[in-house]
Amino acid sequence: MIDKNIINHLSDISLTLFRKNFFGIYHGALSKKLDYQNFIINTYDAIFDEISEKSFCSLSMDKYDYSWKQASIDAHVHNAIYNQIHEAKYIACGMPPYISAIALEHDEINFKDYFGQTLFETIFVHDPGDFDSWYKRNQFEIPTLLKLSPTNVIVIKGIGVYVYDRDINSLVKKIAILENSARLLAIKKQIKDI
């Protein structure tokens, strides 16, 4: 059984990220490392604006049992991140529209606003290559890319964003700044085109 306080906290965070368009109705994943060999992650059918205890499953990092079949399609990626990046305590992945759209057209994103410049300055966009083999490769590529990222954030062209942190509030702050800064770039482009 998962601690109710953890579920309530993740539920609040999930709703906030859903309202900010980081998560779609069924698209995305949110997890928390419980200890050195267990983590919780949303189920494959979780609806992010209605997260409850039934929306999460607890997984062992070294034992693949029946509960893995209920977990998000990203569970193997989150497991690999927790195993390779020990300071990761929370992970979120989603497809926020502004940063995802900009990533389709650019190999790097240079932020122009204060918060984007201060926190990220430049984000490099990873091209996943062949989409057909992505889910076979992503659990190997994503942790490697995150280890190289100075901001604990990666943007993957046509896939979305992966973020990890030790603190859930820091994770949410990074997501919010990333998407808001990308939104400002999109608005700036629209104004320039007028």
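No value in this document is a laboratory result; all are computed from the given coordinates. The structure displayed is predicted, hence computed values, not measured ones. Quick reminder, even Gly has a Cβ in these numbers, built from the backbone with ideal geometry, and neighbours come from all protein chains shown.
Which whole-Hz ³J(HN,Hα) couplings does segment 35-40 yield from phi under the Karplus relation 6.51 cos²θ - 1.76 cosθ + 1.60, θ = phi - 60°, glycine and proline marked x?
3J(HN,Hα) across segment 35-40, in whole Hz: 7, 5, 9, 9, 8, 10.
Thinking of the chain as a set of Cα atoms, what percent of all their pairs are more than 22 Å apart?
Numbers: 8298 of 18721 pairs.
Tail of P(r) above 22 Å: 44 percent of Cα pairs.
So how tilted is helix 134-148 from the main axis of the chain? Cα-based, degrees 0 to 90, rounded to 10.
Result, in degrees: 70.
Pull out a ≥ b ≥ c, the square roots of the eigenvalues of the alpha-carbon gyration tensor of segment 92-194, then state rounded if a/c is under 1.5, prolate if not and a/b is larger than b/c, and oblate in the remaining case. Intermediate results must be reported in sequence, preceding the final value.
Details: a/c = 2.12, a/b = 1.29, b/c = 1.64.
In terms of gyration-tensor shape, oblate.
Calculate, in nm to one decimal, what SER170 and TRP134 gain on full extension: separation in residues at 0.36 nm each, minus their alpha carbon distance. Can you show the working numbers first?
Details: separation 36, 0.36 × 36 = 12.96 nm, distance 2.82 nm.
10.1 nm is the gain from fully extending SER170 to TRP134.
Please rank LEU15, LEU10, fewest neighbouring Cβ atoms within 10 Å first, as an exposure proxy.
Values: LEU15 15, LEU10 22.
Least crowded to most crowded, the residues run LEU15, LEU10.
Calculate for the chain the 222 nm mean residue ellipticity that helices alone would give, adding -39,500 (n - 2.57) per DSSP H run of length 4 or more and normalising by residue count, nearest 500 deg cm²/dmol.
Numbers: 7 runs with 86 residues, N = 194.
Rounded to the nearest 500, it is -14000 deg cm²/dmol.
Can you list the residues, at least 5 places off or on another chain, whose amide H is less than 5 Å from the amide H of PHE56, using H built in the peptide plane?
For PHE56, whose amide H was placed from the backbone, the distant partners under 5 Å are THR43.
Amide H of VAL125 versus every other amide H placed in the peptide plane: which residues, excluding those fewer than 5 positions away on the same chain, fall under 5 Å?
Here the answer is GLU108, ILE109, since their amide H atoms fall under 5 Å of that of VAL125.
Label point 7 Å out from ASP62 along Cα-to-Cβ: which residues of segment 18-35 have amide N under 18 Å?
Answer for this model: 33-35.
Helix 168-193 against the longest principal axis of the chain: what's the angle in degrees, Cα atoms only, rounded to the nearest 10?
With rounding to tens, the tilt is 30 degrees.
What trypsin sites (Lys or Arg not before Pro) in segment 60-123 are in a loop by DSSP, with at most 11 other Cβ atoms within 10 Å of the Cβ?
Answer by residue number: LYS63, LYS112.
Could you calculate the FRET efficiency of ASN110 with THR16 from 1/(1 + (r/R0)^6), where r is the beta carbon distance between them and R0 is 35 Å, rounded to 0.05?
Values: r = 27 Å, r/R0 = 0.78.
For ASN110 and THR16, the calculated efficiency is 0.80.
Run the reach check for LYS32 against lysines, Cα to Cα strictly under 19 Å, same-chain hits fewer than 8 apart removed. What comes back?
Within the straight-line limit of under 19 Å, LYS32 reaches these lysines: LYS4, LYS54, LYS63, LYS69, LYS89, LYS147, LYS173, LYS174.
Kindly state, to the nearest 0.05, the FRET efficiency for LYS188 paired with PHE124, given R0 = 30 Å and r defined as their beta-carbon distance. Don't skip to the end; give the middle numbers.
Details: r = 20 Å, r/R0 = 0.68.
In this case the efficiency is close to 0.90.
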